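Just below is one structure, and these are the notes that go with it.
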Amino acid sequence: MVLCPVIGKLLHKRVVLASASPRRQEILSNAGLRFEVVPSRFKEKLDKASFATPYEYAMETAKQKALEVATRMHQKDLRTPDVVIGADTIVTVGGLILEKPVDKQDAYRMLSRLSGKEHSVFTGVAIVHCSSNDRQLHTRVSEFYEETTVKFSELSEELLWEYIHSGEPMDKAGGYGIQALGGMLVESVHGDFLNVVGFPLNHFCKQLVELYYPPRPEDLRQPVQHDCIPAVDTFEDLSDVEGGGSEPAQRETGSRDEKAEVGAAGQATAEAECHRTRATLPPFPTRLLELLDGFKLSKALLTACKLKVFDWLKREAPQKAPDIASKVDASACGTEKLLDVCAAMGLLEKTQQGYSNTETANLYLASDSEYSLHGFMLQNDDVIWNLFTYLEFAIREGRNQHHRVLGKKVEDLFQDAYYRSPETQLRFMQAMHGVAKLTARQVATAFDLSRFSSACDVGGCTGALARELAREYPRLQVTVFDLPDVVELAVHFQPAGPQAAQIHFAAGDFFRDPLPSAELYVLCRILHNWSDDKVHKLLSKVAESCKPGAGLLLVETLLDEEKREAQGGLIQSLNMLVQTEGRERSRGEYQCLLELHGFHQVQVVHLEGVLDAMLATRVAP
Ligand SMILES: O=c1[nH]cc([C@@H]2O[C@H](COP(=O)(O)OP(=O)(O)OP(=O)(O)O)[C@@H](O)[C@H]2O)c(=O)[nH]1
């Protein structure tokens with residue numbers, strides 16, 4: 001949309017900001033708006049669960065704040081305001097809505113939830129146009145929301161409390177003020193900064209343009225989505241108001257010509273009709289429909305990877321759809337549609353000259369990139385996708401679905417499913433290698449492991465983590481312990497480098513064979529594959545192999561204790577149900593397991609993405 005000078009349209013109106021927030025007052029007066037401030041008395045207590053999305057909750061709160069002020073002023077003031085502006089800012093993380101903290105403990109809970117993670121800040125805004133007729137207040141509400149994503153650094157306890165004691169969190173959504181001390185906590189911001197501060201000025205101006213610059217007839221041929229939509233011919237009448245007047249377009253109540261004909265009574269009827277429609281029409285389920293489409297987007301990504309679209313575009317770009325189609329041996333019309341979806345997903349760039357990879361595609365989707373996830377994509381396409389088609393059975397039966405996909409009994413998960421042929425084994429190892437490389441550096445540096453001189457990475461597969469451990473600790477000797485078939489193929493994944501001398505492979509089954517001796521044992525994404533019985537069996541083997549003082553580095557995705565928050569972890573747990581014999585567990589569950597097997601002093605570090613690292617020490621039995 002083209003922005004036009006629009007604040008001036010409000011200059012001769014009585015504008016009221018229904019907010020006590022000094023930040024909103026500052027943002028709007030800096031923009032040149034003249035307004036009175038009448039803080040709203042509306043209690044922010046709407047039932048969050050009754051809203052399909054957090055932004056609908058924010059918009060409704062903003063609307064109620066503004067309507068409360070409009071109604072009060074209409075009853076008590078001689079002159080009804082022309083425009084009342086209300087706003088509400090909330091923070092969402094892991095499905096929870098955070099508002100202003102009620103006390104320091106609440107601020108602590110909020111900030112520790114945000115620590116090291118990305119969250120969304122939504123501000124809902126309502127612009128209420130008021131008029132008075134027969135001493136009746138008539139309102140027309142225009143509402144919108146803006147979303148900004150903010151990523152916090154990992155915050156130490158000391159910093160958290162220092163910040164809380166500064167007093168700044170208390171009147172701020174999510175418990176922080178990005179414009180002041182809270183700016184220190186923020187690693188990155190995606191979107192409108194002022195939206196985080198409390199008022200999305202740019203979107204507000206765009207909304208005013210929509211209201212005060214009526215569209216030309218040629219813009220109106222497509223249906224317009226609005227809560228209360230007049231017939232298209234009514235819109236076309238608006239063309240009389242050339243260039244935009246100082247009255248907002250009468251979208252909710254009809255055009256001016258229509259109003260002149262029907263008179264005030266007609267307007268009231270139209271407004272009543274509008275309010276009736278608003279009240280009876282449920283909110284549009286945008287988020288729900290996005291969720292529904294999720295599987296189609298995944299499949300488009302996986303198909304583009306399988307066809308090696310990103311490899312061809314890494315070699316040469318830009319390329320037009322028919323050229324890529326001939327290289328990937330596919331139809332031109334199908335390829336063009338796939339490429340367009342990839343571009344819409346931000347994986348490709350589309351220009352007049354053709355399509356090119358984005359940086360993300362070059363880094364992670366081309367099969368020859370150092371941090372390629374191509375193997376992981378293929379594993380998802382060829383194996384996990386099929387397993388998920390039996391999700392309903394998995395849920396009914398409470399078990400994985402390899403037997404249905406393969407049409408035979410699967411007794412040993414690895415031998416009978418993942419490693420049933422050299423091809424499936426290699427694909428699985430490539431997938432694991434890609435994921436391990438991506439996270440290995442974070443795992444290796446999560447704790448100071450310099451006191452250990454030997455480590456055993458149990459189920460360490462291609463040795464990707466072993467390599468990072470060896471790089472970080474040059475005096476550490478690392479043994480990768482895995483099944484004989486894995487050890488045999490692992491040679492294909494070993495790059496030359498000084499770490500080679502520190503890494504050894506040992507073949508064996510960690511449930512049956514003795515573990516190599518070491519001062520530090522590593523179990524990275526192993527326990528989540530197994531049932532509680534097998535986890536006990538493995539942990540007791542590790543414990544038996546350990547001397548007091550030995551370490552256990554456990555890497556898993558930790559769920560929150562109530563299993564409500566970490567959406568990534570919860571979907572991963574469902575994934576474990578469909579694929580394995582295990583599940584994701586919470587920090588408390590792992591701590592109990594570790595302590596039961598003689599591992600204490602458990603420290604936890606959350607890593608970027610969904611993984612968490614835990615380091616525990618073996619105490620004397
Ligand atoms: O980074 C920042 N994030 C948020 C804020 C301020 O937080 C509050 C949000 O609360 P709310 O939307 O309920 O607004 P109130 O302050 O209660 O004023 P009302 O008029 O709505 O009653 C808001 O003040 C933001 O500015 C911040 O300062 N920085």
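The values are calculated or read from the model by the stated rules, or taken from the named source; none is laboratory data. Bear in mind that the values here come from a model prediction, so they are computed numbers and not experimental data. Every residue, glycine as well, gets a Cβ built from its backbone with ideal geometry; the counts of neighbours run over all protein chains shown. We work out accessible area using only protein heavy atoms, side chains counted, and drop any ligands, DNA or RNA first. Shrake-Rupley method; radii C 1.70, N 1.55, O 1.52, S 1.80 Å.
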Carbon + sulfur, % of accessible area of the stretch 3-212 - ligands and nucleic acids excluded, 1.4 Å: 50
The stretch 339-358 and the stretch 596-621: distance between their alpha carbon centers, rounded to Å: 43
Using Cα pairs under 8 angstrom and six or more residues apart, how large is the relative contact order of the stretch 490-621, in percent? 26
State, as an integer percentage, the relative contact order of the chain based on alpha-carbon contacts under 8 Å between residues 6 or more apart. 8
Highest mean first, what order results for 117-130, 466-479, 382-395 on Cβ atoms within 10 Å? 117-130, 466-479, 382-395
For the chain, take the alpha-carbon Rg, divide it by the Kirkwood Rh, and send me Rg/Rh. 1.05
Taking the stretch 3-212 on its own, what percent of its Cα-Cα pair distances exceed 28 Å? 29
Restraint check, LYS117/LYS206; LYS43/LYS172; LYS65/LYS151; LYS65/LYS117; LYS100/LYS151, Cα-Cα greater than 24 Å: LYS117/LYS206; LYS65/LYS151; LYS65/LYS117
Using a Förster distance of 25 Å, how high is the FRET efficiency between ASP340 and ILE571, based on the Cβ-Cβ distance and rounded to 0.05? 0.40
So what's the gap between the Cα centers of the stretch 403-429 and the stretch 537-566, to the nearest angstrom? 26
The chain - share of DSSP beta bridges that are antiparallel (%, nearest 5): 65
Take each of the peptides 185-194, 8-17, average the number of other beta-carbon atoms within 10 Å over its residues, and list them starting from the highest. 8-17, 185-194
Charges only on Cβ, +1 for Lys and Arg, -1 for Asp and Glu: so what's the dipole of the chain about the Cα centre, in debye to the nearest 20? 500
Place +1 on the Cβ of every Lys and Arg and -1 on the Cβ of every Asp and Glu in the stretch 3-212, take the dipole about the Cα centre, and give the residue among GLY116, LEU98, TYR212 whose Cα lies farthest towards its positive end. TYR212
Per residue, how much accessible surface does the chain expose to a 1.4 Å probe? Answer in Å², no decimals. 48
At a 1.4 Å probe, what is the % contribution of carbon and sulfur to the accessible area of the stretch 292-411? 54
With each label point set 7 Å from Cα along the Cα-Cβ vector, what nm distance links GLN603 and SER112? 1.8
How do PHE452, PHE511 rank by accessible surface area computed with a 1.4 Å probe, from largest to smallest? PHE511, PHE452
Mean-position separation - Cα centroids, the stretch 141-158 and the stretch 456-508, in angstrom: 41
Can you pull the one-decimal nm distance between simple spin-label points at LEU288 and LEU137, each 7 Å off the Cα toward Cβ? 3.2
